[in-house]
Each structure stands twice: as structure tokens, then as C-alpha cells.
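The structure appears below as C-alpha cells.
The values are calculated or read from the model by the stated rules, or taken from the named source; none is laboratory data. This is a predicted model, so every value here is computed, not measured. Backbone-built Cβ (ideal geometry, glycine too); neighbour counts: all protein chains shown. The area values use the complete protein model at the heavy-atom level, side chains included, leaving out ligands, DNA and RNA. Shrake-Rupley method; radii C 1.70, N 1.55, O 1.52, S 1.80 Å.
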Amino acid sequence: MPITLEQAKTRAALLRNVAIIAHVDHGKTTLVDQLLKQSGNFRAGEREKLEGGQHGLIMDSNPLERERGITILSKNCAVNYVRTVDGQLEQYFINIIDTPGHADFGGEVERVLRMADGCLLLVDSSEGAMPQTRFVLSKAIEAGLKPIVIVNKCDRSDARIDEVINEVFDLLVELGADDHALDFPIVFASGRAGWSTTDLEIAKTAKGQDGLPGRPEADLRPIFDAIVKHVPPPEADVEAPLQMLVTTLDYNDYVGRIGIGRVFNGQISSGQQVAVMKMDGKIVQSKVQKLLKFQGLGRTDADTVIAGDICALVGLESVDIGDTIADPATPKALPPVKVDEPTLTMVFRVNDSPFAGTEGTYVTSRQIRERLEKELQSNVALRVDFSSSAGDEFIVSGRGLLHLGILLETMRREGFELAVGKPQVVIKEIDGVEHEPIEWLVIDVPNQALGAVMELVGNRKGEVKSMEPRGDAVTHVEFEIPARGLIGLRSRILTATQGEGIMHHTFERFAPVSGTAPGRSQGVLIATDSGPVTTYACELLADRGVLFVTPGDKVYSGLICGEHNRDNDLVVNITRLKHLDNMRAASKEKTVVLKAPRKMPLEAALEYIEDDELVEITPQSVRMRKRILDESMRKRAERQSRDREEAKV
């Protein structure tokens, strides 16, 4: 039932919509969890049931998020904040939007910023402004949001709060923020410890401490107060015709697709007739069967939602991200969600190996196609070209290797079986010249490994832009590097720094293609026969390189079973048996100790392969193989390719 104008104005004045944005691992989800805990929205014991994963977080509810300790999907929650002003109780309703920090999931950030009126920009008190800080802040400025800067992890022993504040100010100036945004409020906090303060000198006393010295009662109230004071209430016309933008989709087996978004104008009621305005201009008449508002981590039934609030609609026949829900009498579309273009592409194809269909449930091109079409409905940064000349291949484009790797891992767990090719960067033609994506790369490297890292990045066309010490043992280096140079770089950086290097990157711009990126320096060991791997064969091949398989694993001809210690591929019989004879060997009872094989998880395998190789992905296994399995056909194809190259010359 519609509410009166006075009721709507009163409710809107107490409403706040805020997004939390930051670089990866700067503490967004941990802070949101603490805000939820301290808001009093949970009964005793209720919160503990929802916690899970590496860090016991509530908001990271996806199994992959909990395994990896990262945020992949943007999520909404809502808290009631009650405070006393001049003896009067004021109850504010705050919608909080948690966003991912990885550059590969930047599409999630762009998608949900339209729902917010302000943002909390978290910055690590030691790391400062990082590549993804630049990206999310630029998107917030484009959306007209004023940031509230929260310097998080002030209790780190290597905190450098003053320098970090200056870095954020310089970054805002560089991004062209107006004077209003440059006058940003600052809150100092520790999301893990659950305290915050607006006093810089008090925050400095927490350096290297477990809490805020002398203030055991400190909590996150200053952050709530900053949201109420500096995030404006939504500017919306309750009397105008209905306009709501769908920015997120959910799905329920019982009610089907659920559209989530913000009401920009007017008000919407349960049972109301609405017009769903599609991105292609088509208008579909539909009815809202059920209206839901956010409360804590869940949703509650609502009769009416006013302009400025975030809600979920159940029962619409056809709804997609970017659609406008409008008044049927005067339908008017809102500007659609704008998302940056993908930078990496990969070929998904039907698995045609000898083991095809033995481990997966969904193996046909039709099933893979339907799954990709479903993914496109919610993953706004993904692009899929279904018009490949080969009917069983699909060209999938995304923001990066992690973006596509998470999609493949999700499909694998759902029972899909497929093969994918080597990731390739998206080449764009601008004014008749081919351009490739250039990434901004930041590496924190131990001083003793600095030379090795500089050589690795330099070989991949990386250019040093700045270098500065961070403490006594670490150097902070910033590069510009072609996106194709990043493929396979992370594993080599970790090897060169003995696992201590920290690497982050984000898209910077397109630039003309320059030269070729170096390929894999070593060749591979290729199996010649099908069958189980034998201990005898592994022992004989131990000096030839590093194996990827263990005795008992099943292999087939053309499967990559190891890395050769030279730069050429080597065909080997990994299934070779030790033939028995009538002579008893003196060492018959000797126990053979083999080198530990190198385990290749999905993302490592995607980085490792070359153009003539594929990664075979099934619910139980990740294997690497040659595109052409037969050795004689492979040699013939190599000769033909060589002849074509010589003919061009």
C-alpha cells in the first residue's frame, strides 16, 4: 500500500546507502562483519552459526570465497543504527554494499556503485594506495560519490598513517576529484580488533598493539557516525513515476529469478503492475508478486519500498541486470550499467580426450553453451562469442585469469567437463593500429630478490615507473607492463622471491602492440601410451625433468606428464613396465624413493600451457595435454606451420 509524502520524506531522511571499496586484503569484508556484529542485529549465538572460511567471515558466504579467503561477489546487507541526539533517539537504516578487491572482479564494483550515495574507502595503514585503490576510487568519482577514508589496520607494527593519508590525497588529485571530494573525512580503525577513532594521535598509539591503549570501550561508532553525517540521504522524488534499476540477480528454485536494485524515483508495492524495460528497448509488462527489503544479512517482506531504498523483486517474468522497472503508464528508462571492456580471452571447447565423459556429468556443447548463457545474466564483465566456426568452441572474454579461473572452477564443481586453450589478450584496433592492454603492476619484493624480479619483469616488456623502500627489508616497485606479459608471471615471481613477493595489477590503458612476449623456457614430457603410470618409469625419468603425475595415475597418448629440463618437448613412455626374468636382482627388495611431483592447480595450469596445448578440466582432475594427441600428426602440423612461416619470409 502506498505511503504518504510526509512518511516518505521522513523515512528517506533516515536512510543511507554506502558502498565499501578498497584494494584486495585491505579489510573490507572484515570491517563489514564487525559493523554487523556491533549493530546489535544478531541474537546471541546466531552470528557464530554464519561464520566460516579462513577468517571466520559472515559476508564471504560462497564456498570458493571461504576457501580462498577473498571476496568474489558483491553483496548487500542492512543495519539499524540508533543514536541519541539532544535526548532524542534517532534510528537510521543503513544499506551496506560489500565489494571485491581483486581487479579481475572490477565488474562487480562498477555494477553496484549505482546503488550507493557515498562510499567508505579503506586503505591499509602500511600498504597505502594500491592499484585497485586507484581503480575503485576512479569509479566512485565517476559515479559522483564522496569518499569517507578509513585508514584500516592501524595496529600494524609497520603502520605509516601520515604517509598513507598523503597518498590518498595525491591519488584523488590525480584522478581529478573536485574540492568537495578532496575535503574528505578520515576515520582510523582496526576492523579485526573492532575499534575506530577520528583522533590521529590516539590511532598512532595502537601501532603494534592488540587494541587501543587506555580505551577498552572503543568501538566502531565513529564509522557509523561518519556514515550518518557525511553520506547524504538519497535524492529522489517519491511522487514521480516509478524508476528502479536492476543491478544484481539472485535465483531461487521455488520463485525463479529475483531482481535486486535501487528505487530511484517513485515507490513500488507488492502486487503492483510494472513495465520491465529491457536494454534492447523492448518493454515487458509484469507484476511484482512479492517485495523484499534487506534486514541484516537476510530479507524481510515489505508492502512498499520508497525511492532511495534497495529492494528485491520476486515474480517478474523476465528481468536482467541493467533493466529498468518503470511505471506502465509512463515508462522511462534509466541509464544502463556501464562496465569496462574485457582484457583476456580464452577458448572453451568440448573435451575430446580419450578420457572424455568418464568423470563429468555435463559434457556436451549444448550444456556448456547453456551454462555460459546463464553466467552472462549475472556476470556483467563477461563476454561470450557463440559464433565460432567450430560448433563445439566458445570464445570467452573476461577481466583476467582469476576472473575466468573462478568461472571454470565453479563449472567444474557443478559437474561440467571441458577443455580450454591458452589465455590470450584482447587486441583492439584503433585508427588502423593494433593496440593491446597495458597493466599497472605493483610488486613488494624482499631486497635480496629485487634483481631477479626486475629481470623477470624486464624480459616481459615491463617498464619501471617508481621504486621506494618499505621498511628495511622490502622494496615497493611499480611497473607498466603489457597484459600478455602477466600470463605466467605470478608463479615465477613467487619462485624468485621464495614465496615472499606480493604482486598486484590493474588495467591502465590500451597501447600499440610492441614485440613478442617470451614463451615457456622449458619443454614438456609427453606420454606416448595409455595406461597407469608406473614407479619404474618414474624412476627412469627422474633425471629428465619434473613430473606432474604419480604412480597409479591414468594417462593417455598426448598428455603432458612433466616438464623437461631442456627447452624441447620430449616424448616418453611413462607407463613402461619392468619385465621379469629368471635372475634374482640383489636390490629386489629395495624401496624406490621418487621425487615429489609438482601439483598443478587450475590457475597454474592455465598459465603454464602454450598455444598448441589445452587444459582438460573435469570434476575430479585438471590435466594438461597437447591439442593434437597423435605424435606423427603433431610433427606433420609443426612441419606445415614451419613451411608457412618460411613462405611468408
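For this structure, a couple of remarks:
- Residue by residue, region 285-291 carries 3J(HN,Hα) couplings of 7, 8, 10, 7, 6, 8, 10 Hz when phi is fed to the Karplus relation 6.51 cos²θ - 1.76 cosθ + 1.60 (θ = phi - 60°); x denotes Gly or Pro.
- Using θ = phi - 60° and Karplus 6.51 cos²θ - 1.76 cosθ + 1.60, couplings along region 345-353 (whole Hz; Gly, Pro as x): 10, 8, 8, 9, 9, 5, 6, 10, 6
- Computed from the C-beta positions of Glu463 and Ala596 and an R0 of 51 Å, the FRET efficiency is 0.85 to the nearest 0.05.
- In region 352-492, a dipole from Cβ-located charges (positive for Lys and Arg, negative for Asp and Glu) runs towards its positive end, and of Ile368, Leu401, Ile427 it is Ile368 whose Cα lies farthest in that direction.
- Lysines whose Cα lies under 17 Å from that of Lys599, excluding same-chain neighbours fewer than 8 positions away: Lys554
- Label sites at Lys204 and Leu570, each approximated as a point 7 angstrom past Cα along Cα to Cβ, lie 6.1 nm apart.
- Charge dipole (debye, nearest 20) of region 596-646; +1 at Cβ of Lys and Arg, -1 at Cβ of Asp and Glu: 260
- The listed residues Glu480, Glu417, Glu142, once ranked by accessible area (1.4 Å probe) with the largest placed first, stand as Glu142, Glu480, Glu417.
- Computed on protein heavy atoms with a 1.4 Å probe, the accessible areas place Asp210, Asp33, Asp303 in the order Asp210, Asp303, Asp33, largest first.
- Cα-only Debye scattering, the chain: base-10 log of I(q)/I(0) at q = 0.05, 0.06, 0.12 Å⁻¹: -0.28, -0.40, -1.35
- Extreme residue, positive dipole direction of region 245-340, given options Asn265, Gln295, Ile310 (C-beta unit charges): Asn265
- Rounded to the nearest 10 degrees, the inclination of helix 401-413 to the longest alpha-carbon principal axis of the chain is 80 degrees.
- Ellipticity estimate at 222 nm from DSSP helix runs (n ≥ 4, -39,500 (n - 2.57)) divided over the chain, nearest 500: -7000 deg cm²/dmol
- Nearest 10 degrees, 0 to 90: helix 365-378 Cα axis against the chain principal axis: 30
- Cα-based shape type of region 234-307, given that a ≥ b ≥ c are square roots of the gyration tensor eigenvalues and the cut on a/c is 1.5: oblate
- Computed across region 316-449, the Kirkwood hydrodynamic radius from all distinct Cα-Cα pairs reaches 17.8 Å.
- Set Lys28/Lys207; Lys428/Lys626; Lys37/Lys139; Lys338/Lys374; Lys278/Lys422 screened for pairs whose C-alpha atoms are more than 27 Å apart: Lys428/Lys626; Lys37/Lys139; Lys278/Lys422
- When a 1.4 Å probe is rolled over the protein heavy atoms, the share of accessible surface on the chain that falls to carbon and sulfur comes to 48 percent.
- Computed label-point distance, nm, for sites Glu370 and Asp158 using a 7 Å Cα→Cβ extension: 5.1
- Dipole in debye (nearest 20) - the chain, about Cα centre, beta carbon charges: Lys, Arg +1; Asp, Glu -1: 1740
- Remark: C-alpha extents of region 474-568 on the principal axes read 50, 33, 21 Å, sorted largest to smallest.
- Shown is the FRET efficiency for Tyr536 and Ile283, computed with R0 = 60 Å from the Cβ-Cβ distance and rounded to the nearest 0.05: 0.30.
- Part-to-part distance (alpha-carbon centres) for region 257-296 and region 487-550, which is given in Å: 49
- A straight line joining the Cα centroids of region 21-42 and region 322-380 runs 30 Å.
- The charge dipole of region 394-466, taken about the Cα centre with unit charges on the Cβ atoms of Lys, Arg (+1) and Asp, Glu (-1), comes to about 160 debye, rounded to the nearest 20.
- In degrees, nearest ten, helix 221-230 long axis to first principal axis of the chain (Cα): 70
- With R₀ set to 56 Å, the beta-carbon distance separating Glu6 from Ser621 gives a calculated FRET efficiency near 0.30.
- Here the spin labels are modelled as points 7 Å beyond Cα on the Cα-Cβ line, and at Glu638 and Glu455 they lie 2.8 nm apart.
- Cross-link pairs Lys75/Lys293; Lys75/Lys282; Lys282/Lys332 - those with Cα-Cα distance over 18 Å: Lys75/Lys282
- Solvent-accessible surface (1.4 angstrom probe) belonging to Glu6, in square angstrom, nearest 10: 120
- Going by accessible surface with a 1.4 Å probe and the largest first, Trp195, Trp440 read Trp440, Trp195.
- Taking every protein chain into account, the accessible area of the chain amounts to 46 square angstrom per residue (probe 1.4 Å).
- According to the Cα-based calculation, Rg over Rh for region 98-231 is 0.96, with Rh computed by the Kirkwood formula.
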